[in-house]
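Quick notes on the structure that follows.
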Amino acid sequence: MSEVILPTSEVIFTLDGVTVTAQSGQTVMEAAEAVGIYIPRLCHKEGLEPYGSCRVCTVTVNGRPASACTTPVADGIAVESESDQIRAWRRTVIEMLFVEGNHFCMFCEKSGNCELQALGYRMGIVAPRLPYLWPKRPVDASHPDVLIDHNRCILCARCVRTSRDVDGKQAFAFVGRGSRRHLAVNPGSRLCDTKLDVTDAAVDACPVGAILRKRRGFETPIGRRLYDHVPIGTGVEQPVELTIREGSPS
Amino acid sequence: MCEALGRAVREVCGALDNDPTRMVDIVRGVQQKMGCVNEEAIDAIAHWTGAQRVEVASVVDFYSFFSREKQGKVVIRLCDDIIDRFSGFAAVREAFESELGITLGQTTPDGLITLDRTPCIGMCDQAPAALINDVPVTHLSTDKARRIVRELRTHGDPKKLVKRVGDGNNAHPLIHSMVENNVRLEGPVIFTPERRGEAITKALAMTPAEVIRAIKTSRLRGRGGAGFPVGMKWEFARAARGERKLIFCNADEGEPGTFKDRVILTERADRVFAGMTIAAYAVGAREGIMYLRGEYAYLLAFLEAVLERRRKDGLLGHNIMGRHGFDFDVRIQLGAGSYVCGEETSLLSSCEGRPGEPKTRPPFPVQKGYLGCPSVVNNVETLACVTKILEEGAASFAAYGTQASSGTKLLSISGDCMRPGIYEVPMGIALREVLDLCGADEPSAVQIGGPSGRMVVAPDDFDRTICFDDLATGGAVMVFGPERDLLDVVAAFMDFFVEESCGYCTPCRVGNVLLRERLEVIRQGRGEPSDLKYLEELGAMIKATSRCGLGQMSPNPITTTLKSFRSIYEARVSPGAHGFRRSFDLEEAVAQAERIAGHESVHRQEVTHE
Ligand SMILES: Cc1cc2nc3c(=O)[nH]c(=O)nc-3n(C[C@H](O)[C@H](O)[C@H](O)COP(=O)(O)O)c2cc1C
Ligand code: SF4
Ligand code: SF4
Ligand code: FES
Ligand code: FES
């Protein structure tokens with residue numbers, strides 16, 4: 001718990017038994033990524049302040065569960081990421097997100113480019129074992145160029161953080177507590193009341209089909225989309241695989 | 001904009017320097033004046049404070065005491081926790097409903113009275129209870145409920161409902177409440193008469209490091225539930241970088257079944273403020289905030305007066321007790337109906353004027369807490385213990401209790417026993433002895449530590465002890481007799497967690513809804529044996545993956561009873577015939593499909609036409 005503010009220094013820890021060298025100040029997710037190990041994630045996006053809400057990136061650190069996107073590396077920690085137990089947890093998180101909203105992938109414009117769907121495939125989810133909650137949620141098509149379909153929102157806050165920290169607009173935020181938590185726009189009550197512009201980074205931040213550009217439907221045909229042929233995470237895993245050093249936990 | 005509204009908002013914001021970090025107070029003020037915080041009010045608050053509109057809206061929508069819809073001048077909030085449900089809640093509710101001519105959640109047509117419900121208000125030893133605006137009313141009966149409504153209709157003033165005041169300071173003019181302390185057993189630490197100023201004088205005779213050492217020697221651990229060593233926490237905060245450091249007193253007492261902090265604040269507030277002052281000296285803090293749950297707003301004026309007297313006596317403010325350069329003062333932050341705000345980082349968020357969402361850890365509050373400043377959060381009882389340790393010495397405190405759990409513990413006992421109330425017992429006491437003390441003749445189960453804790457079974461667990469290593473509790477002990485259906489208890493607790501989850505992280509927000517759904521299936525007798533495994537696995541997953549303590553504890557009602565009371569589940573589940581799920585209701589499924597489709601199914605038409 002005590003604070004050590006040191007200049008960046010080398011930190012050595014193990015990830016599923018593999019010794020990883022990282023820089024102090026990095027998160028477990030960043031350090032893993034730097035050596036070509038993909039830890040699944042939804043609410044985290046490179047460049048954004050870690051948020052820790054989806055819990056897809058759950059790992060164990062010295063046996064205790066923690067979110068990899070918010071946990072800083074430390075010398076000598078033993079991180080587990082791909083155990084059967086952890087995979088089962090992550091799979092359940094993804095299933096929870098599916099049943100919490102209304103996700104009809106077969107007629108969603110995001111299908112094939114959607115990170116939620118892609119994680120579902122990566123984890124081998126054919127159909128959720130959890131009961132659907134079928135919430136009633138609105139669609140906001142008031143904006144001339146952008147629409148929000150709340151049925152697909154997974155409350156990841158990527159649009160919230162991007163609009164605030166990248167676009168400097170604070171066009172989105174959450175209101176409501178617990179299962180009533182939902183995305184709201186700012187100011188006003190409809191997307192057209194905000195300063196959001198179709199060129200804003202926030203529009204591209206959404207991992208699912210909740211924020212979509214209008215009049216762009218199926219520009220990229222199904223079959224040629226991001227995750228149609230390679231599972232999500234492949235980009236991280238392939239190019240840098242050689243930098244992993246085998247070794248025993250120190 | 002309506003003129004009255006504009007003026008009200010301007011006044012409320014102005015009185016708080018248009019400071020957006022005081023948003024919870026601002027919204028509370030507007031709610032009180034206008035009966036709601038509607039869209040217009042939100043706009044106006046954003047205007048005066050310079051906050052984003054949605055930042056205001058998120059505060060309004062997070063706390064259950066705020067509402068966008070207009071509420072009555074008088075709001076009756078019936079405590080609908082399990083203790084109240086077992087002591088006549090349903091009848092009392094009906095009496096209120098019929099006398100008012102409205103149902104729960106509605107407002108009388110004349111706009112005078114709103115009837116609502118709320119989780120535990122900390123009056124479990126005098127249930128059924130309710131809050132009428134800020135005024136607690138206890139020992140409700142159907143007669144009393146009707147009388148209350150009739151009276152309110154004539155004078156509209158909840159304060160006038162107090163005919164007979166309770167014992168001790170409950171009778172103090174600034175409290176003037178019917179609440180009873182019900183202190184049944186006074187121990188040697190919390191309730192001994194206080195010697196004003198002595199503890200601070202003794203602390204000032206030492207260096208801050210020596211004070212921390214004394215706390216460490218006493219082996220005092222946090223009384224709010226988690227049991228973190230207090231001396232260590234202070235040491236981290238002392239070592240943390242930062243000009244501005246703060247001491248927080250956690251008086252949120254939201255865990256259902258816990259009401260001991262209410263009694264400490266009523267009878268020994270000076271001990272608590274002295275503890276904060278000592279912490280400030282040890283850590284190097286100049287500011288303190290007491291986070292008082294909104295349900296205890298009736299204590300606010302009294303506590304403010306205690307603070308004012310301490311300032312006059314030189315125990316707070318500049319150059320405390322003549323020590324040049326030792327400045328410290330305390331303000332009280334009221335909560336507004338949210339259990340998660342008792343979690344220390346949510347508490348800090350709430351004090352910052354934001355929704356009570358936990359913060360990402362690390363950094364820990366002692367490193368970066370309130371507005372990024374090193375912050376110590378300690379429970380009311382913990383701080384009262386600190387004062388005693390300084391008065392009597394660490395060794396005398398450590399002489400009570402056990403090696404790992406020193407000192408005494410206040411228990412708030414409620415439920416099926418003869419003498420519900422407050423007991424100060426040595427740490428390490430056997431549960432059996434506690435049950436004897438409170439006159440629990442026939443307990444079949446005892447919930448230790450509230451919904452977040454665990455259900456223990458009679459008589460197997462009764463030789464276990466109350467301490468950090470065995471049955472840890474923030475103070476709640478709820479006794480259930482043999483006539484109680486424990487699945488009712490479990491269901492009430494799961495309702496509580498669903499209602500109180502902040503909604504930030506997936507497992508807690510969605511998982512608790514799923515747990516409750518399946519529990520309900522089982523309660524209705526439509527469950528299957530495989531549902532028990534489902535509950536166990538889902539519960540374990542939620543505990544492991546949730547972001548804060550609320551989610552990490554929320555499956556406990558189910559997971560602990562599945563362990564110790566499995567038979568109550570097994571008695572209600574059976575395998576489905578022909579491989580069909582028993583929970584599947586064909587009629588309901590068809591009806592649902594019809595509702596979606598907007599017309600009768602062909603199948604049904606055929607059936608009816610046959
Ligand atoms: C959901 C939740 C609710 C909590 N509520 C309270 C509370 O009402 N009062 C309290 O003192 N601690 C509460 N805590 C514990 C605090 O987070 C924190 O540990 C405590 O205030 C630290 O003080 P202590 O070390 O003196 O106990 C709660 C924790 C969680 C996870
Ligand atoms: S709209 Fe998209 S980016 Fe924004 S919170 Fe919802 S899922 Fe996340
Ligand atoms: S566990 Fe998650 S959703 Fe639940 S209260 Fe904590 S942060 Fe909020
Ligand atoms: S990616 Fe870490 S919690 Fe969402
Ligand atoms: S006050 Fe009703 S259960 Fe605590």
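The values are calculated or read from the model by the stated rules, or taken from the named source; none is laboratory data. None of the values given here were measured: they were computed from a predicted structure. Note that each Cβ is placed from the backbone with ideal geometry, even for glycine, and that neighbours are counted across all protein chains shown.
Can you list the strands (runs of 3 or more DSSP E) lying wholly within the stretch B:106-171 that have 2 or more residues being closer than 17 Å to residue B:82 by Cβ?
The strands (runs of 3 or more DSSP E) meeting that bar are B:113-118.
Before we move on, is residue B:178 in a loop (DSSP other than H, G, I, E, B) and more than 23 Å from residue B:129 (Cβ to Cβ)?
Here the answer is no, as residue B:178 does not meet what is asked.
Grab the helices (runs of 4 or more DSSP H) fully contained in the stretch A:80-178, keeping just those with 1 or more residues being buried (at least 21 other Cβ atoms within 10 Å of the Cβ) and at the interface with chain B (Cβ under 9 Å from one of its Cβ atoms).
The qualifying helices (runs of 4 or more DSSP H) are A:84-100.
Can you pull out the helices (runs of 4 or more DSSP H) entirely within the stretch B:512-570 that have at least 1 residues that are more than 28 Å from residue B:344 (Cα to Cα) and modelled with pLDDT of 95 or more?
Qualifying helices (runs of 4 or more DSSP H): B:529-545, B:556-564, B:566-570.
Each row is one residue, and each column tells you yes or no for (1) of a type in the set (Asp, Glu); (2) within 16 Å of ligand 4 (Cβ to nearest atom); (3) closer than 27 Å to residue B:342 by Cα.
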{"residue": "B:118", "(1), (2), (3)": "no, no, yes"}
{"residue": "B:138", "(1), (2), (3)": "no, no, yes"}
{"residue": "B:145", "(1), (2), (3)": "no, no, no"}
{"residue": "B:151", "(1), (2), (3)": "yes, no, no"}
{"residue": "B:155", "(1), (2), (3)": "no, no, no"}
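Among the residues of the stretch B:512-546, write down those that are at the interface with chain A (Cβ under 8 Å from one of its Cβ atoms) and in contact with a strand residue (DSSP E or B) (Cβ under 7 Å, 6 or more places away or on another chain).
B:544, B:545
Does the stretch B:405-444 hold any residues that are on the phi > 0 side of the Ramachandran plot, away from ligand 5 (no atom under 16 Å from the Cβ) and either in contact (Cβ under 8 Å) with a residue 60 or more places away in the chain or within 14 Å of another protein chain (Cβ to nearest Cβ) (or both), and which are they?
If the condition is that a residue be on the phi > 0 side of the Ramachandran plot, away from ligand 5 (no atom under 16 Å from the Cβ) and either in contact (Cβ under 8 Å) with a residue 60 or more places away in the chain or within 14 Å of another protein chain (Cβ to nearest Cβ) (or both), then B:407 is the only one that fits.
If you go through the stretch B:96-104 one residue at a time, do you hit one that is part of a helix (DSSP H, G or I) and either within 14 Å of chain A (Cβ to nearest Cβ) or of a type in the set (Asp, Glu) (or both)?
yes
Within the bounds of the stretch B:116-128, is there any residue that is crowded, with 23+ Cβ neighbours inside 10 Å and under 15 Å from residue B:74 (Cα atoms)?
The answer is no, given that none of the residues of the stretch B:116-128 is crowded, with 23+ Cβ neighbours inside 10 Å and under 15 Å from residue B:74 (Cα atoms).
Please count how many residues of the stretch B:227-237 are surrounded by fewer than 24 Cβ atoms within 10 Å (Cβ to Cβ), more than 13 Å from chain A (Cβ to nearest Cβ) and of a type in the set (A, V, I, L, M, F, W, C).
0
Can you find a residue in the stretch B:303-316 that is under 30 Å from residue B:121 (Cα atoms), outside the structural domain of residue B:493 (by TED's automatic domain parsing) and either touching a Pro at 6+ places or on another chain (Cβ under 7 Å) or part of a loop (DSSP other than H, G, I, E, B) (or both)?
The answer is no, given that none of the residues of the stretch B:303-316 is under 30 Å from residue B:121 (Cα atoms), outside the structural domain of residue B:493 (by TED's automatic domain parsing) and either touching a Pro at 6+ places or on another chain (Cβ under 7 Å) or part of a loop (DSSP other than H, G, I, E, B) (or both).
Is it the case that some residue within the stretch B:72-91 is free of Cβ contacts under 8 Å to residues at least 24 places away in the same chain and within 16 Å of ligand 5 (Cβ to nearest atom)?
yes
Test of understanding: among A:193, A:149, A:165, which residue is of a type in the set (Asp, Glu) and over 19 Å from the mean Cα position of the chain (by Cα)?
Just a single option satisfies the conditions, and that option is A:193.
Yes/no matrix, rows are residues, columns are (1) away from ligand 3 (no atom under 16 Å from the Cβ); (2) crowded, with 24+ Cβ neighbours inside 10 Å; (3) aromatic (Phe, Trp, Tyr):
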site: B:355; (1), (2), (3): no, yes, no
site: B:366; (1), (2), (3): yes, yes, no
site: B:372; (1), (2), (3): yes, no, no
site: B:376; (1), (2), (3): yes, yes, no
site: B:381; (1), (2), (3): yes, yes, no
site: B:386; (1), (2), (3): yes, yes, no
site: B:396; (1), (2), (3): yes, no, no
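Which of the residues spanning the stretch B:472-511 are in a loop (DSSP other than H, G, I, E, B) and more than 7 Å from chain A (Cβ to nearest Cβ)?
B:472, B:473, B:474, B:475, B:481, B:482, B:483, B:484, B:485
With the checklist (1) within 17 Å of residue A:109 (Cα to Cα); (2) more than 14 Å from chain B (Cβ to nearest Cβ); (3) surrounded by 13 or more Cβ atoms within 10 Å (Cβ to Cβ) in hand, flag the one item residue A:221 doesn't pass.
The number of the failed condition is (3).
If I filter the stretch A:181-199 down to residues being more than 7 Å from every other protein chain (Cβ to nearest Cβ) and among the charged types (D, E, K, R), which single residue comes out as nearest to residue B:504 (Cα to Cα)?
A:190
Exactly one condition in (1) touching a residue at least 40 places away in the same chain (Cβ under 8 Å); (2) closer than 30 Å to residue B:234 by Cβ; (3) buried (at least 22 other Cβ atoms within 10 Å of the Cβ) is not met by residue A:75; state its number.
(3)
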